[in-house]
Amino acid sequence: MQIFDYQPPAVPWLDIRYKDRDLIIINKPSGLLSNPGRAAHTSDCALTRLQALYPETILVHRLDCATSGIMVFARNKKAESHLKTQFQDRQSKKIYIAEVMGYMPQEQGMITLAIAPDSEHPPYQKALLVGEPGGKSAITHYRVLERRENSTLVELTPETGRTHQLRVHMLALGHPILGDEFYGDAEVIAAKPRLCLHAQSLSFSHPYSSKAMSFSSKHPFNE
């Protein structure tokens, strides 16, 4: 099993994009956990940094440690319940940007491979073959934004929220996300200093007013 060397970034300590009485929006940097891990040294995370300023902050969803981008946190139980229901019922919309290995010839498509834990290599996940039993349904839409010399910039829109879904689906497609130390080979890991996956936008209904809200943070994967 790969050893997790956790060195959370100190700058920016918190990038708060919006807050009101019900929720807080941040732009999480790559390398910062969404919530604490089991080990004591993983207590520094997006959640605890927010709770230092706003003790009532509640985690609603997670981004992988290496993934950057937009996250929403609740500031009361009612808002938490409302937001989590939207995520579970697929009423919210998330758009990610990734830079992946190789040239993707197809302009757009949909990946529908189910995902299951890799029992032989926990905590890894794996995409199942069509018709293979087990696993949970997973759906990812992709659209090519830019083709580069040895990589492709893609927009990824997940319908479901399985663990490592985007990383596993792109790997299964033959185009692993650059800088992925978890699923990439030596070439993929060496290609970039970080995982090239960014939660660029998040849209949902406000838990109190029901007003449509959308927040975005431009991806940093420029050539």
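Within segment 24-76, the set of residues being charged (D, E, K, R) and either closer than 18 Å to Q200 by Cα or touching a strand residue (DSSP E or B) at 6+ places or on another chain (Cβ under 7 Å) (or both) comprises K28, R62, D64, R75. Scan segment 82-101 for residues that are part of a helix (DSSP H, G or I), open to solvent by 60 Å² or more (accessible area, probe 1.4 Å) and either in contact (Cβ under 8 Å) with a residue 40 or more places away in the chain or among the aliphatic types (A, V, I, L, M) (or both) and jot them down. The answer is H82, and nothing else. Here A79, A52 are screened, and the one residue that is more than 30 Å from H175 (Cβ to Cβ), open to solvent by less than 10 Å² (accessible area, probe 1.4 Å) and in a helix (DSSP H, G or I) is A79.
Modelled with pLDDT of 95 or more, of a type outside the set (V, I, T) and open to solvent by 60 Å² or more (accessible area, probe 1.4 Å): which single residue out of R143, R167, R148 fits that description? Going through R143, R167, R148 in turn, the sole match is R143. The set of residues in segment 55-64 that are open to solvent by less than 30 Å² (accessible area, probe 1.4 Å) and within 10 Å of the chain's Cα centre (by Cα) comprises H61, L63.
Across segment 36-49, the qualifying residues are those that are in a loop (DSSP other than H, G, I, E, B) and over 17 Å from D15 (Cβ atoms), and the one among them that is most open to solvent (accessible area, probe 1.4 Å) is R38. When E223, E187 are checked against the criterion of being open to solvent by 40 Å² or more (accessible area, probe 1.4 Å), outside any loop (DSSP other than H, G, I, E, B) and either modelled with pLDDT of 95 or more or over 22 Å from T140 (Cβ atoms) (or both), a single residue qualifies: E187.
So which residues in segment 65-74 are crowded, with 20+ Cβ neighbours inside 10 Å and either assigned to a loop (DSSP other than H, G, I, E, B) or among the aliphatic types (A, V, I, L, M) (or both), if there are any at all?
Those that are crowded, with 20+ Cβ neighbours inside 10 Å and either assigned to a loop (DSSP other than H, G, I, E, B) or among the aliphatic types (A, V, I, L, M) (or both): C65, T67, I70, M71, V72, A74.
Restricting the first member to segment 39-61 and to residues that are without any contact (Cβ under 8 Å) to a residue 24 or more places away in the chain, and the second to residues that are aliphatic (A, V, I, L, M), the beta-carbon pairs closer than 6 Å and six or more apart or on different chains are I58/A74.
For segment 189-213, how many residues are farther than 23 Å from V168 by Cβ and in contact (Cβ under 8 Å) with a residue 60 or more places away in the chain?
The total comes to 6.
With respect to the conditions (1) open to solvent by 70 Å² or more (accessible area, probe 1.4 Å); (2) assigned to a loop (DSSP other than H, G, I, E, B); (3) over 17 Å from C65 (Cβ atoms), H175 lacks only one, and its number is (1). Kindly indicate the residue of segment 125-136 that is open to solvent by 50 Å² or more (accessible area, probe 1.4 Å) and of a type outside the set (A, V, I, L, M, F, W, C) and also farthest from F4 (Cα to Cα) among those meeting that condition. It comes out as G131.
The values are calculated or read from the model by the stated rules, or taken from the named source; none is laboratory data. Keep in mind that this is a model prediction, so the values were computed, not measured. Note that we place each Cβ from the backbone using ideal geometry, even for glycine, and neighbour counts take in every protein chain shown. All accessible areas refer to the heavy atoms of the entire protein, side chains included, with ligands and DNA or RNA removed. Shrake-Rupley method; radii C 1.70, N 1.55, O 1.52, S 1.80 Å.
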